[in-house]
Amino acid sequence: MSLNILLTIVCSVPIIIAGMVKLLLPVPGIWRKVSIFCNFMMYCWCAGLAALLRLNPHLQWDVEGLEGLSKKNWYLLICNHRSWADIVVLCVLFRKHIPMNKYFLKQQLAWVPFIGLACWALDMPFMKRYSRSYLLRHPDRRGKDVETTRRSCEKFRRYPTTIVNFVEGSRFT
């Protein structure tokens, strides 16, 4: 098993357990503490990924413009999604500079072992996108993604958050 898979499992299991606590005890004070813990575990995952990347002596980063960023602000990060590595790079680069990333995810990712439940516990929105032909047959489904976005953003108002959206990413599985 590769180290990044092991790291993902080790960090996601506590997040999933904490998410179950949040589900069973929907008390605002508990919810806040559990969310802080879940974000801390995601930070640990990002720090672990950074450590794994440092094992590669040929990897060089050339990053500019991080100076004015703050963990006390809200951010909307729009990205061009090229591969699974995009998420790793974003986590590693921004973990010390902005609030923990919250990704808009395809509904299908909810079923990925460990990652799907951890993202659910971290309050990341799962977007269910429909084809044009499906919406013509089921007009009641139109606007569901907007509804999901509004519900998620309402949660994100409570504390500084970075919303990451791969705007073209939800169209293809």
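Exactly one residue out of Ser83, Ser70, Ser133 is farther than 20 Å from Leu23 by Cα, part of a helix (DSSP H, G or I) and polar (S, T, N, Q), and it is Ser133.
Pairing each residue of the stretch 79-94 that is on the phi < 0 side of the Ramachandran plot with any residue that is of a type in the set (Asp, Glu), provided the two are 6+ apart or on different chains, yields C-beta distances under 8 Å for Cys79/Asp86; Asn80/Glu168; His81/Glu168. When each of Leu49, Leu7, Leu93 is tested for being surrounded by fewer than 16 Cβ atoms within 10 Å (Cβ to Cβ) and not small (Gly, Ala, Ser), the lone residue that passes is Leu93. Only one of the numbered conditions (1) surrounded by fewer than 16 Cβ atoms within 10 Å (Cβ to Cβ); (2) at pLDDT 90 or above; (3) of a type outside the set (Ser, Thr, Tyr); (4) under 28 Å from Arg157 (Cα atoms) is not met by Trp84, and that is (2). Summed over the stretch 28-52, the residues that are more than 19 Å from Trp120 (Cβ to Cβ) and either aliphatic (A, V, I, L, M) or within 18 Å of the chain's Cα centre (by Cα) (or both) give a count of 6. Annotation note: Cβ proximity below 6 Å between a residue of the stretch 140-168 that is under 18 Å from Trp120 (Cα atoms) and a residue that is hydroxyl-bearing (Ser, Thr, Tyr) and outside any helix (DSSP H, G or I) (sequence gap 6+ or interchain) occurs for Thr162/Tyr75; Val164/Tyr103. Considered as a group, the residues in the stretch 143-166 that are of a type outside the set (Val, Ile, Thr), surrounded by 16 or more Cβ atoms within 10 Å (Cβ to Cβ) and farther than 19 Å from Trp31 by Cβ include one that is nearest to the chain's Cα centre (by Cα), and that residue is Asn165.
The values are calculated or read from the model by the stated rules, or taken from the named source; none is laboratory data. As the structure is a prediction and not an experimental result, all values here were calculated from the model. Don't worry about glycine lacking a Cβ; one is built from the backbone with ideal geometry, like all the others, and counts go over all protein chains shown.
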